[in-house]
Amino acid sequence: MNHISEIWQFIREETTQAAATEPTLASFLHLTVLRHKSLASVLAFHLSSKLSNSVMDARSLNELFLEALIDDATIVDAVQADICAYYQRDPACDQYCLPVLYFKGFHAIQAHRINHWLWHHGRKTLAYFLQNRASEVFGVDIHPAARFGRGIMIDHGTGVVVGETAVLGNDISILHGVTLGGSGKESGDRHPKIGDGVMIGANASVLGNIRVGSCAKIGAGSVVVRDVDEFTTVVGVPAKAVGGLSVCKPADEMNQDFIDDGFLYLGAGI
């Protein structure tokens, strides 16, 4: 599925069915999805409702978010790819509407996409404000300058931190508690660069201006402080290579063990 209109139609159909089967939520589903005419409108309304507070009301945020989504059509294209990523990779996601309505990892990614737009339009103070709000509401802290590709999935979301100069490619899966951070107090380009198709396990830390090659796999709880070759699995503190991969894109497979990854050794250093 490659067209926004198709994704939007599925979301409307699923939400209509949900409203019919759960009348208690019918007004919520109508307000958040069914009264809207586009995916961009739904996203702007939903995010503004969640991120508004006594300083920034929901109406003002909704107008701001719509401005960003209308100005840059690539944001909505990326949103669609992210929705598909959740649907295809998360076994708990059996409807396209679920990330849009309920998954805070998804919400945090889309809030960041709009923040990134603000950052590059010279509205850094507002971007910082909304970064803080998103961190408070979603438990995910992403610097507005960080660069995200398409097809990103942050599963669960809680505790994820992404630093200012981090760069994420396409089709990446990240689990809860992951840090893409610096390795000290140096300034400048100091955060990781994550290649396409990478999977990063829960509570892993990738630190410093290092590169994680395409289709690499980082085990849960690992601390990565050196470059990781493409198609390579690393695990441990500090992380070490434990073999090549048996699948071409671990972000799609979401396999958390290493049985098929050509484990090289056991014991010290893992």
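Please treat every number below as a calculation from the coordinates, not as lab data. Fair warning: this is a prediction, and the values are worked out from it, not measured in the lab. Note: ideal-geometry Cβ built from the backbone for every residue, glycine included; neighbour counts use all protein chains shown.
Just a few scattered comments:
- Positive end of the dipole of the range 1-140 (Cβ unit charges, origin at the Cα centre): among 100, 114, 18, the Cα lying farthest that way belongs to 114.
- Exposed trypsin sites (Lys or Arg not before Pro) absent - longest run of the chain, DSSP non-H/G/I/E/B, at most 12 other C-beta within 10 Å: 38-184
- With distances taken between every two different alpha-carbon atoms, the range 75-129 has a Kirkwood hydrodynamic radius of 12.0 Å.
- Under DSSP loop assignment and at most 14 Cβ neighbours within 10 Å, longest chymotrypsin sites (Phe, Trp or Tyr not before Pro)-free interval of the chain: 1-262
- For the chain, relative contact order (Cα pairs under 8 Å, six or more residues apart, normalised by length) works out to 10 percent.
- Relative to the longest principal axis of the Cα atoms of the chain, the long axis of helix 39-51 makes an angle of roughly 80 degrees.
- Within straight-line cross-link reach of residue 240, lysines at Cα separation under 25 Å, skipping those fewer than 8 residues along the same chain: 185, 193, 217, 249
- Note on the range 6-27 and the range 170-244: Cα centroid distance 38 Å, given to the nearest whole angstrom.
- Semi-axes of the equivalent ellipsoid for the range 1-106, computed as √(5λ) from the eigenvalues of its C-alpha gyration tensor and ordered from largest down, come to 21, 18, 13 Å.
- Each principal axis of the Cα cloud of the chain was taken in turn, and the coordinate range along them, longest first, works out to 57, 42, 29 Å.
- Furthest towards positive pole of dipole, 199, 161, 173, structure part the range 110-248, Cβ charges: 161
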